[in-house]
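One structure below.
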Amino acid sequence: MAEKQLETGVDIELENPADFTSPEVLYQDLIRSIRKYHPSDDISQIEKAYKIAREAHKDQKRKSGEPYIIHPLCVAIILADLELDKETIIAGILHDVVEDTIMTLGEVEKEFGAEVALLVDGVTKLTQLSWSMDKVEIQAENLRKMFLAMAKDIRVILIKLADRLHNMRTLQYMKPEKQKEKARETMDIYAPIAHRLGISKIKVELDDLSLKYLKPEVYYDLAEKISLRKDAREAFVQSIVDEVSAHIREAGIEARVDGRVKHFFSIYKKMVNQDKTLDQIYDLFAVRIIVETVKDCYAALGVIHELYKPIPGRFKDYIAMPKPNMYQSLHTTLIGSTGQPFEIQIRTYEMQRTAEYGIAAHWKYKESGSGKIAAGDEAAKLSWLRQILEWQREADNSKEFLNMVKGDLDLFSDSVYCFTPTGDVKNLPSGSTPIDFAYSIHSAVGNKMVGARVNGKLVNIDYVIQNGDRIEIITSQNSKGPSRDWLSLVKSTQARNKINQWFKTELKEDNITKGKEMIDRYCKAKGINYPEINKPEFQEKVMARYAFKDWDSVLASIGHGGLKEGQVINKMIEERTKKLKREVTDATILDAIGDNNKPAVVPIKGGKSKSGIIVKGIHDLAVRFSKCCSPVPGDEIVGFVTRGRGITIHRTDCINVLNLPEIERSRLIDAEWQGVEEDNSAATYSTEISIFANNRIGMFVDISKIFTEREIDIKTMNSRVNKQGKATITMSFDIHGIEELNNLMAKLRQIDGVLDIERTTG
C-alpha cells in the first residue's frame, strides 16, 4: 500500500527544464506530465492553446535571447506538476498573450470559454495605469486586481505563482537592480501567499531564490558552510534513518523514513529571529516518517520517544491543531546518541501531499472540466484572503493597502495559538497581546475592551500570549474606545488597521481641523501663499494622485498622519506651475515687452540684449542671479535694484525678499522669464536643495545614482546628522529649468528613507 501511495505523487519534484530547451521538447514534456495523472483526457484544447500562444509570441524574445514561448510552456509544466485541471494549464499557456501581444481577452473567451478568459484576465497586469503614478502605486493597483480575481477563482494565484517561479529561476538574465526588485516583491508578496496556500513546493524554492538575489553573501555563505560538513551530516542522518526504520518495522508500522537538510531560507529565518549563528542552530535537518493513518502517526511517536530523549517544550501537534494553511504533522525535537539534537516529523501520505501542494492538492483533475474548490472547509482556509479584500475597501490609498498586505504576509513572523472561552483556536503573530486577540474576534470586541483574563487570571493588556493560553476579553459599553498607546502594543497588522480605522472614523472631524492647521502652519513656515494654490482644480489632482474621494478625506489623512502636508502642498504647487506655464503665450510675452509699465522680462537665452535682460525698456542693464535662493526658469521671480551692481534676480518666496524692510521695498521690480516654452537646453542655472532623510548606509549612493542617470553634475554637497539619526543633505548643482528640477525632486522623494525635500530660500 505504501508503495502504491508513493507512486500517486508524494514528493514529485517540480520540473526545472534547462535553459534554451526547444519549445517542441518542452511541449512534449508538458503532455507527458498531464498524461501521468490523467492518461485518458483529451488534450486537443491544450494543443490549440500552444499553437495560438506560439503564433502570438512568435517575434518576441526573452532577456536571455530564448523564444518567448518557452516561458508560458515552463509555467504550464509547473502547473501540470501540481496536477491542476485543464483550464488552469490552458490559462498558464496563454497567461501573457493579452498583456504582451495584440490578442484580446474577447478572442481568448471565444476560443476557450469564459472560465479560461477569467483566469487569463486575473493574471494580466493593468496596462492603462497612469505614468504619473510611482512604482509602488502601480504595484499596489496590480495586486488589488489580483486579489479580487483570486476571490472569484483561487486558481488565478496558482498561475501567478508558477509564473513568478519560472521568472525567479531565470532571474540571472536581468539587470542587478531588477533582480533585487523582483526578489524583494517575491519575498514580500508571493512566497508568503504560497505559504498561506500551503504550497511548500513553490514556497521553499521562491524563498531560496529570493535570498540568493537579496542577500547573496548570506546565501553562498550558508551553502558553503552546510556543504562543508555534508558527508558527516549525511552519515549522521542516515544512521538515524536506519535506526528509526528498524524500530518502526519491529513495532509493525508500515512507513517510509527519509532525512533532509532544511532549506536555506528557513535556516536564515531562524538565525535572524533567534539571533543565532549557524553553529547554534541545532535542527538543520529533519527526519521525516510517512505512514498510512493518523493512528500510526501517534504509534510512531511513541516508538520514537522510547528510542530517543525528547527536548521539553519542543513537541508540536499540528495534527490535532492544524496550521491555518492546512499543514498537519507531528514535530518533535530529540537528542541523538551522540548528544546531537535533531527534528523528526511524522505525517500520513495525505498530509504529505497537502504539505507539498496545499490548496492545489484539492483540485482533483476531472473529466467534466474544471475542478472547483470544495466548499466549506477549504473556503474557511482562505479567511486571510477575505481579510485582504476587506482592507482593500478600507484603505484610503494604494500605498496604505500595500503596507497592510506586506505587514500581514510577513515571512519572518512566527505564530502562537490560543483558545477562546468556547474552545475555538486563534492563530496570532508571536508576541501578540490580548488586544490582538480581541480584534481577531471582532473589531467591536476590540473597541469595547477594558481588560482580559488569561487562564482565569486577570492580566495587563500588554501581557504576551503564550501557546495554549485560554483568553477571555472583558468589555464595557462605557469604554471610550481604543487608546493610541495600543498601536505600540499590538503585533498583528489586522489589529493595528482596525485601531487606525477607529481613529479615522471617530475622530474624522478633529482630524480635518488638525489637517487644516498643519497645512496653514506649513505654508507660513515656507512662505507659501496658500489661497493661491488652494483651488478645486489643484485639489482634484491631489485627490487623484493619492486615491481620495473628497478634500475632507485628504485633510483628515494629514491630520492623523497618513499623508505629509508637504506632499500635498508640493503637488498643488507643481500643478499650478504647469497651468501657469501653459498660459504663457507668445502674445502675452510680446505685450509685456512692448509695454513699459509691464514687468521686466528675463530672457532665458539672452537673445534681446548682451546681458540678457530688459528693464522697463532700458537695454543692457547688468543682471545677476542671487545666490541666496538660486532662481531657475519657471520660478516666480522679482528684481532688486542694487547700488552700483545693476539688478539682482530673486525668487518671490526668498526669505531675504519676504523680510525686506519697508523702506527697501521701493527698489523691487517685477520680473518674468521670457520664452519658457522655448528650448532652453543650452543655458543652465545654479540651484540648491536640502534633503531631509533617515540616516542609513547607501543613502548617498542612491541619491548620486539619480543625478548620474539624469546627467546632472553635483557642484557641492554637505551633510549633517542629528542625535535622532535624521540627516540633512544640502546640495548645489546646475539645472535647465523648474520642470527638470521638479522631476528630479519627485524621483529623489521615492528613495527609501527620504522624508522631505526643500529648495533653499535664503
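The values are calculated or read from the model by the stated rules, or taken from the named source; none is laboratory data. Since this is a predicted model, take the numbers as computed values, not measurements. Positions of Cβ are backbone-derived with ideal geometry, glycine not excepted, and every protein chain shown enters the neighbour counts.
Worth pointing out:
- Among the residues of segment 467-501, those that are part of a loop (DSSP other than H, G, I, E, B), under 14 Å from residue 431 (Cα atoms) and not aliphatic (A, V, I, L, M) comprise 467, 468, 469, 491, 492.
- Count - residues of segment 635-693 that are within 29 Å of residue 757 (Cβ to Cβ), at pLDDT 80 or above and in a loop (DSSP other than H, G, I, E, B): 8
- Residue within segment 276-290 that is under 12 Å from residue 332 (Cα atoms) and among the acidic types (Asp, Glu) present: yes
- Test: residue in segment 155-177 that is assigned by TED's automatic domain parsing to the domain that holds residue 82, farther than 26 Å from residue 119 by Cβ, among the basic types (Lys, Arg) and surrounded by fewer than 20 Cβ atoms within 10 Å (Cβ to Cβ): yes
- Restricting attention to segment 267-281, the residues that are in contact (Cβ under 8 Å) with a residue 24 or more places away in the chain and surrounded by fewer than 16 Cβ atoms within 10 Å (Cβ to Cβ) total 3.
- For segment 254-265, filtering for residues that are surrounded by 19 or more Cβ atoms within 10 Å (Cβ to Cβ) and over 15 Å from residue 240 (Cα atoms) leaves 2.
- Here residue 187 fulfils each of the conditions (1) surrounded by fewer than 21 Cβ atoms within 10 Å (Cβ to Cβ); (2) under 17 Å from the mean Cα position of the chain (by Cα) apart from (1).
- Criterion: under 22 Å from residue 528 (Cα atoms), among the acidic types (Asp, Glu) and at pLDDT 85 or above - qualifying residue of 758, 709: 758
- Qualifying positions in segment 546-568 - closer than 30 Å to residue 672 by Cα and out of contact with any Phe, Trp or Tyr (no Cβ under 6 Å at 6 or more places or on another chain): 566, 567, 568
- Scan of segment 727-758 for residues that are under 17 Å from residue 522 (Cβ atoms) and either in a helix (DSSP H, G or I) or touching a helix residue (DSSP H, G or I) at 6+ places or on another chain (Cβ under 8 Å) (or both), ordered by number: 745, 749, 756, 757, 758
- Per the conditions (1) in the same structural domain as residue 351 (by TED's automatic domain parsing); (2) in contact with a helix residue (DSSP H, G or I) (Cβ under 7 Å, 6 or more places away or on another chain), the sole criterion not satisfied by residue 218 is (1).
- Residue under evaluation residue 761, criteria (1) assigned to a loop (DSSP other than H, G, I, E, B); (2) out of contact with any Asp or Glu (no Cβ under 7 Å at 6 or more places or on another chain), criterion not met: (2)
- Long-range neighbours under 6 Å by Cβ, at least six apart or interchain, first residue loosely packed, with under 11 Cβ neighbours inside 10 Å within segment 217-232, second not in a loop (DSSP other than H, G, I, E, B): none
- Scanning segment 309-361 for residues that are of a type in the set (Ser, Thr, Tyr), more than 26 Å from residue 423 (Cβ to Cβ) and crowded, with 17+ Cβ neighbours inside 10 Å gives 333, 349, 357.
- All helices (runs of 4 or more DSSP H) inside segment 62-120 with 2 or more residues being in contact (Cβ under 8 Å) with a residue 12 or more places away in the chain and farther than 14 Å from residue 47 by Cα: 70-81, 97-100, 105-112
- Residues satisfying the stated conditions in segment 542-572, i.e. in a loop (DSSP other than H, G, I, E, B) and either surrounded by fewer than 20 Cβ atoms within 10 Å (Cβ to Cβ) or in contact with an Asp or Glu (Cβ under 7 Å, 6 or more places away or on another chain) (or both): 547, 548, 549, 550, 561, 562, 564
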